[in-house]
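Student: Provided herewith is a single structure, encoded as structure tokens, for subsequent inquiry.
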Amino acid sequence: MASSDALLAPAPVGGARWRYRLRLALREPTTVIAVLMAALFAYLIVVPILSILADAATVQFGDERRTGGGEGGFTSYYLYRAFASPIAHDLFWEPLLNTLKVAFGAIAISLPVGGVLAWLIARTDMFGRRWFATALIVPYMLPAWTFALAWSTLFKNRTVGGQPGWFEAIGLTPPDWLAYGQVPITIILALHYTPFVILLFGSALRRFDSQLEDSARILGAPGWVVAVQIILPLMRPALLSAVLLIFAKCLGEFGVPYVLGLPVKFDVLATSLYRSIGSRQTGVAGVLAGAIMLIGVLAIMVDAYLAREARRFVTVGSKGSMNRLSRLKGLRWPAAGFAGVVFMLSVGLPLLTLALSTVMHQPGSFALSNFTLDYWIGQDLPTVAMRTGILLSPDLWQAAFNTISIVGIASICSGILGVLTGYVVVRTTIRPLAIFLRQVTFMPYLVPGIAFAAAYLSLFAVQRGPIPGLYGTTLILILALMADQMPYASRAGISAMMQLGKEPEEAAQIIGAGWFRRMTSIVIPIQKGSLVTGILLPFISGIKGLSLFVILAVPATDVLTTFSLRLVDYNYTQAANAVVLIIAGLAYGGTVLAQRLTRTNLAEGLGT
């Protein structure tokens with residue numbers, strides 16, 4: 001009788017319906033978890049960004065006389081100082097111009113080189129194309145400033161102190177424009193980001209129906225007409241996406257300009273922001289960080305728009321589409337030679353240079369007596385601070401321990417939070433909450449790493465309410481790295497949970513299993529692959545990351561990247577190069593391990 005009364009009862013309307021839905025939602029643990037995670041991510045991601053933007057518009061301690069206001073009051077002084085004052089040229093406009101010159105220069109080199117290589121790998125019968133498909137992606141797996149140190153080892157001249165470069169040592173003095181500044185930075189970034197073009201352009205070419213080319217050739221079109229009037233227009237979205245991603249990456253690049261730009265005062269936006277933080281110009285740093293974020297957000301938004309537009313290009317054929325390889329005939333060996341030269345310049349030569357430099361007493365001398373293992377395992381070395389080889393240095397093992405513990409804890413937390421984010425986004429019945437979690441966990445992807453680090457420094461440098469000042473602790477590094485890597489972890493979790501239906505959980509719920517039991521016995525075992533992915537991807541990125549650590553780490557919390565940068569500053573070239581080789585080995589090994597565990601192949605395209 002009671003059930004029939006419930007069936008006959010009128011359906012709730014208006015506010016009553018919302019209250020009814022809310023009561024139902026609160027019965028699910030998913031809603032409570034979603035609310036807690038929304039609050040956590042709002043504090044870890046949104047609040048730091050708002051904090052540094054607030055710094056740009058409020059009077060900072062010590063600036064009361066300059067601004068004419070009290071500490072914490074509103075001011076436009078920092079905007080004026082960064083954009084319109086007599087020193088604005090050095091603070092913002094020249095670094096912005098240098099950033100644009102380097103970014104567009106890198107794009108101008110990497111686009112044709114990467115485009116040709118992508119076509120050779122994806123659409124021709126070039127010798128060794130399968131091997132090159134993986135080998136040419138290796139620069140993407142290594143830290144960009146690995147190549148900057150290799151360049152400095154070769155071309156360093158007397159402009160700065162310390163050991164000379166190899167060319168200087170044999171009597172050939174490289175000019176400043178070749179040793180430092182725009183030219184080497186542009187070349188290195190172009191070599192480092194060429195894999196982006198190979199991955200994006202090559203992935204699009206694999207889906208391109210070769211029957212379109214065949215039809216044009218049957219109608220008498222020569223090869224260059226097919227390339228210019230058919231392939232390139234259809235590949236335009238992939239090319240533009242590569243351009244914007246490279247631009248966004250160059251915008252936040254810090255390591256390469258730091259090593260090769262600072263000796264000749266060639267500042268980009270990232271190094272100018274670093275200088276402002278170092279000289280305690282907090283307000284100006286807020287303005288610069290905001291400007292970098294704005295440019296990065298615009299670039300990613302344009303890329304997202306182009307990705308949507310790309311769906312209109314029906315280049316992916318149906319079952320009748322073909323992916324026929326073009327026959328190079330007599331050009332097979334020259335094509336393989338070109339790919340081999342690019343591989344040597346982007347991988348072989350830099351790594352070989354770094355490796356040789358670590359076993360040489362004097363740079364550039366290849367006499368057998370000049371080779372030594374002292375810089376790896378030697379003792380009583382004739383240096384002030386490095387008295388032993390790098391492998392016997394306690395500082396190296398402390399930095400390695402910090403790296404493994406900080407990056408490891410942050411990666412495990414990111415992986416677990418990524419799976420939970422995917423779970424609540426897919427399962428929660430409150431749609432606005434799901435949308436907020438999706439958007440807020442993707443937000444760090446829009447903010448360059450060094451600007452995100454500056455935001456964390458702004459929020460956690462001093463005590464705010466019950467939260468003590470965290471600067472100088474490992475906790476701030478773990479929190480910043482965890483938040484910075486959430487875009488990868490959350491996307492891995494969401495995509496995995498969308499493939500898991502509710503039926504297994506509902507069956508367990510019928511027999512009385514609670515939420516925690518369902519998660520540990522059903523969801524996590526099924527989704528262990530995505531959990532591993534969500535942990536490994538942040539771990540690899542964190543191992544070779546520099547931008548976050550260079551702002552937030554102190555000597556006591558040195559990781560391998562900041563330790564090697566400190567060695568560079570002290571002109572211990574061999575030791576710094578040895579540490580970078582260790583980092584490169586860890587990053588490459590981690591990437592290979594991730595591909596094995598997840599049974600994916602980066603060479604087949606991003607996201608596959």
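Student: Hey, which lysines would be in cross-link range of residue 528, C-alpha to C-alpha under 28 Å, not counting anything within fewer than 8 residues on its own chain?
Tutor: Within the straight-line cut-off, residue 528 pairs with 502, 544.
Student: In addition: Over all distinct alpha-carbon pairs, what is the Kirkwood Rh of segment 419-513 in angstrom?
Tutor: 15.5 Å
Student: May I pose another question? Okay, which of segment 262-301 sit inside 16 Å, backbone N to the point 7 Å along the Cα-Cβ direction of residue 66?
Tutor: 272-289
Student: Over all distinct Cα pairs, what is the inverse of the mean 1/r for segment 118-204, reported as the Kirkwood hydrodynamic radius in Å?
Tutor: 14.8 Å
Student: When you take every Cα atom in segment 83-149, what is the radius of gyration, and what is Dmax, the widest Cα pair distance, in Å?
Tutor: For segment 83-149, the Cα radius of gyration and maximum Cα-Cα distance read 18.3, 59 Å.
Student: Largest first and in whole Å, what are the equivalent-ellipsoid semi-axes of segment 441-489 based on the Cα gyration tensor, each being the root of 5 times an eigenvalue?
Tutor: 20, 11, 9
Student: So how long is each side of segment 346-496 along the principal axes, counting just the alpha-carbon atoms, biggest first, in Å?
Tutor: Projected onto the principal axes, the Cα atoms of segment 346-496 cover 72, 39, 23 Å.
Student: Taking the highest mean first, how do the peptides 197-203, 182-188, 392-398 order by number of other beta carbon atoms within 10 angstrom per residue?
Tutor: 197-203, 182-188, 392-398
Student: Give the separation of the Cα centroids, segment 98-170 to segment 527-556, in Å.
Tutor: 24 Å
Student: Rounded to the nearest 10 Å², what accessible area does residue 295 have for a 1.4 Å probe in the complete protein model?
Tutor: 40 Å²
Student: Which whole-number value in Å³ per residue fits the convex hull of the alpha carbons of segment 39-130?
Tutor: Given the Cα convex hull of segment 39-130, per-residue volume reads 180 Å³.
Student: Within the chain, what whole-number % of the accessible surface is contributed by carbon and sulfur, with the 1.4 Å probe and all protein chains included in the calculation? Before the final figure, lay out each step's value.
Tutor: Values: 18960 of 28720 Å².
C and S atoms contribute 66 percent here.
Student: Here is a follow-up. With only alpha-carbon atoms in the gyration tensor, what are the semi-axes of the equivalent ellipsoid for segment 332-393, in Å, largest first? The partial results should precede the final answer.
Tutor: Numbers: eigenvalues 233, 31, 12 Å².
Taking √(5λ) for each eigenvalue gives 34, 12, 8 Å, largest first.
Student: Would you mind computing, in nm to one decimal, how far apart the modelled labels at residue 361 and residue 16 are, each placed 7 Å from Cα along Cα→Cβ?
Tutor: 9.4 nm
Student: Something else now. Would you mind counting up the charge near residue 180? Only other residues with Cβ under 14 Å from its Cβ, with Lys and Arg at +1 and Asp and Glu at -1.
Tutor: Values: positive: 156, 158, 265; negative: 168, 176, 267.
Here the charged neighbours net out to 0.
Student: Counting pairs of Cα atoms in the chain, how many percent are more than 39 Å apart?
Tutor: Looking at the chain, the distances longer than 39 Å represent 38 percent of pairs.
Student: Mind pulling the per residue volume of the convex hull built on the Cα atoms of segment 476-552? Å³ is fine.
Tutor: Cα convex hull per residue, to the nearest whole number: 84 Å³.
Student: So, one more: With every atom except the alpha carbons ignored, what do you get for Rg and Dmax of segment 449-608, in angstroms?
Tutor: 20.0, 67
Student: Count the net charge of all other residues whose Cβ sits under 11 Å from the Cβ of residue 165, scoring Lys and Arg as +1 and Asp and Glu as -1.
Tutor: +1
Student: Averaged over all directions, how much area does the convex hull of the C-alpha atoms of segment 368-455 cover when projected, in nm²?
Tutor: On the way: hull surface 39.8 nm².
Mean projected area of the Cα convex hull: 10.0 nm².
Student: At 7 Å along the Cα-to-beta-carbon direction for both residue 54 and residue 467, put a label point, then send me their distance in nm to one decimal.
Tutor: Each label point lies 7 Å from its Cα, and together they span 1.0 nm.
Student: Next question. So which DSSP H runs in the chain come out at 20 Å plus along the axis (Cα) with average Kyte-Doolittle of at least 0.0?
Tutor: On the way: long enough: 94-123 (42 Å, 1.28); 182-206 (35 Å, 1.45); 232-252 (30 Å, 1.67); 282-310 (41 Å, 1.61); 394-427 (49 Å, 1.22); 431-446 (23 Å, 0.73); 528-544 (25 Å, 1.12); 573-598 (37 Å, 1.08).
Qualifying helices, which must be both long enough and hydrophobic enough, are 94-123, 182-206, 232-252, 282-310, 394-427, 431-446, 528-544, 573-598.
Student: Taking Cα pairs under 8 Å and at least six residues apart, what relative contact order does segment 372-496 come out at, in percent?
Tutor: 31 percent
Student: Still on this structure, please answer the following. Roughly how many whole Å is it from the C-alpha centroid of segment 69-90 to that of segment 201-232?
Tutor: So the separation of the two Cα centres works out to 54 Å.
Student: In square angstrom, what is the accessible area per residue of the chain with a 1.4 angstrom probe?
Tutor: Ligands and nucleic acids excluded, the figure is 47 Å² per residue.
The values are calculated or read from the model by the stated rules, or taken from the named source; none is laboratory data. Every value quoted in this text rests on a predicted model; they were computed, and no experiment measured them. Heads up, the Cβs are rebuilt from the backbone with ideal geometry, glycines too, and the neighbour counts pull from every protein chain shown. Heavy atoms of the whole protein, side chains included, go into the accessibility calculation; ligands, DNA and RNA do not. Shrake-Rupley method; radii C 1.70, N 1.55, O 1.52, S 1.80 Å.
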